[in-house]
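Every number in this text was worked out from the coordinates using simple rules, so none of it is lab data. These numbers come from a predicted model, not from an experiment. All Cβ positions, glycine included, derive from the backbone under ideal geometry; neighbour counts span all protein chains shown.
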Amino acid sequence: MSHSAQSILRQLPSVDALLQEPEIQEALIHHPRRLVVESIRSVLDSRRRSLREHTEPVDHGEIQVTRILPDVLGHLAAVSDFTLRPVINGTGIIIHTNLGRSLLPEEAIERLSILCRSYNNLEYDLDQGRRGSRHVHAEAILCELTGAEAALVVNNNAGAVFLTLSALAQGREVIVSRGQLVEIGGSFRIPDVMRSSGAVLKEVGTTNRTHPGDYEAAIGPETALIMKVHTSNYRIVGFTSEVSLQEMAVLGRKYSIPVVEDLGSGSFIDFSRLGLRGEPTVQAALRGGADLVTFSGDKLLGGPQAGVILGRKDLVAKCKKNPLTRAFRVDKMTLAALEVTLRLYRDEGKAVARIPTLRMISLPLEELRGRAERLASLIVAVDPEHKLEVEIQPGVSQVGGGSLPAHDLESWVVAIQSSTMGSHRIEAALRRNRPPIIGRIESDRYLLDVRTLQPGDEIHIQEAFRAFLAGISMESMDPNLDVEITPV
Ligand SMILES: *Cc1c(COP(=O)(O)O)cnc(C)c1O
């Protein structure tokens, strides 16, 4: 370390001195002292580290109280903020797993606030005046909508699959086509789930072709289940052949082996009516002969995170009795939100209008174009010096969540680029906005797909661009920012 760096280090203000600054005194009114002191220490530490690691020329400004204070306040704001917070989804991916999947219908949000404010009959039988079961709550509406005999709700569909395998096939064989041994993302791979549930995987067929005879040949005394996995996130095209659910059901009945279908998304309405290639509905899977189906609550269903097991009463009863059910059980908030969401499906038109996931899927292209035009003009309005090129262009949104594979939805996007800076800079600035705005980059253009924007988001986006553009103007005027601290 150079002499000048050493002498600068000694001039760094102390924690106590900084605590006396009026801005910090103000911060102490709103934040616990411990957090404020921690923020000061953290900023001073990083100043010391960077001064030690660099040789001349050293930026003397770095140790000035006026330069340290904003960093302390910034650090304090960051550590005081919630870690889980709202973001603006400009990606056009509707069921975005990284951004929280489905938005809840307003009715569900209202119901949550009513039920969470009071005690409730979660596990209390009001007729008998004694302990009841939490499983009854969403079960009635699930059976009503699908015609199933029984249903069980657990934490997520991964849990539903795991529980089904564990309860019905522990130590025994489950026949699955090689073409359906999918990885759903994260660490959910069918062969691994099978192994950890205690079931033994019996693979049949080849990656692209499986025939009914393959299944029949694999059936033996150890066979517990025949399983079909909906290959939600990819499709095999070309020289392919899959055994239909109906064919599996024929075999299942012939040998008295239950057929389970993991639907993944589990839609209740036929999406071909919305102009999309059909995703098998829950009702169709049951009609097609599945003895049990499993699906997610927060994919195409558009409700809270949950996993549903539904079908034959004796099989559901075995799942309910399994000790794992306790480990995978849902809380009252999930049941409340799920029940409301499901009730909306009593009227399909209402479901599409009120469930955000369905509403976003069915947005007309013309409306999207209008929204894109409005957003573009809001951005242009805060860019009087025309630092950005803003235009609207056709784009593609995705349903996401492993639903409707390879099905892109035509959309309109606002495309932003600048001749003086890369789109990564725009992307990073918007991502660090409060609330964060998440877009995507394509051919060095920053794109915002209006399909997944919610009411009020446009104004936040406009404000973010206003702040970003003001920041750029400040930068070009601030000589300090040009001082480079050269690494050794
Ligand atoms: C998404 C998915 C799962 C896992 O569901 P989660 O609700 O994310 O736990 C399991 N199987 C299939 C086929 C899926 O698409």
The range 56-154: chymotrypsin sites (Phe, Trp or Tyr not before Pro) in DSSP loop, at most 13 other beta carbons within 10 Å: Phe82, Tyr119
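As a test, work out the antiparallel percent of DSSP beta bridges whose residues both lie in the chain, rounded to the nearest 5.
Numbers: 32 of 54 bridges.
Restricted to the chain, the bridges split so that about 60 percent are antiparallel.
Using Cβ counts within 10 Å as a stand-in for footprinting exposure, how do Cys116, Cys143 rank, fewest first?
Values: Cys116 11, Cys143 15.
Going from least to most buried by this count: Cys116, Cys143.
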Normalised contact order of the chain, rounded percent, pairs of Cα under 8 Å and 6 or more residues apart: 19
Global size of the chain as Cα Rg and Dmax, reported in angstrom: 28.4, 88
Taking Glu366, Glu463 and counting other C-beta atoms within 10 Å, the order from fewest to most: Glu366, Glu463
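Using helices alone, what [θ] at 222 nm do you get for the chain, with -39,500 (n - 2.57) per DSSP H run of 4 or more residues, divided over all residues and rounded to the nearest 500?
Calculated at 222 nm, the ellipticity per residue is -13000 deg cm²/dmol.
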Summed residue charge, Cβ within 14 Å of Asp71's Cβ, Lys/Arg positive, Asp/Glu negative: -1
Lysine pairs in the chain with Cα atoms under 19 Å, if 8 or more residues apart or on separate chains: 7
Convex hull of the range 3-80 built on C-alpha atoms - directionally averaged projected area, nm²: 4.8
Shape category assigned to the range 50-146 from the gyration tensor of Cα positions, a/c cut at 1.5: prolate
Whether the range 106-354 is rounded, prolate or oblate, judged on the alpha carbon gyration tensor where a/c under 1.5 counts as rounded: prolate
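Can you sort Leu363, Leu165 by how many other beta carbons sit within 10 Å, fewest first? If you can, show how the numbers build up before the last one.
Numbers: Leu363 17, Leu165 28.
Result, fewest neighbours first: Leu363, Leu165.
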Length gained when the stretch Phe239-Val136 is fully extended (0.36 nm per residue, less Cα-Cα span): 32.5 nm
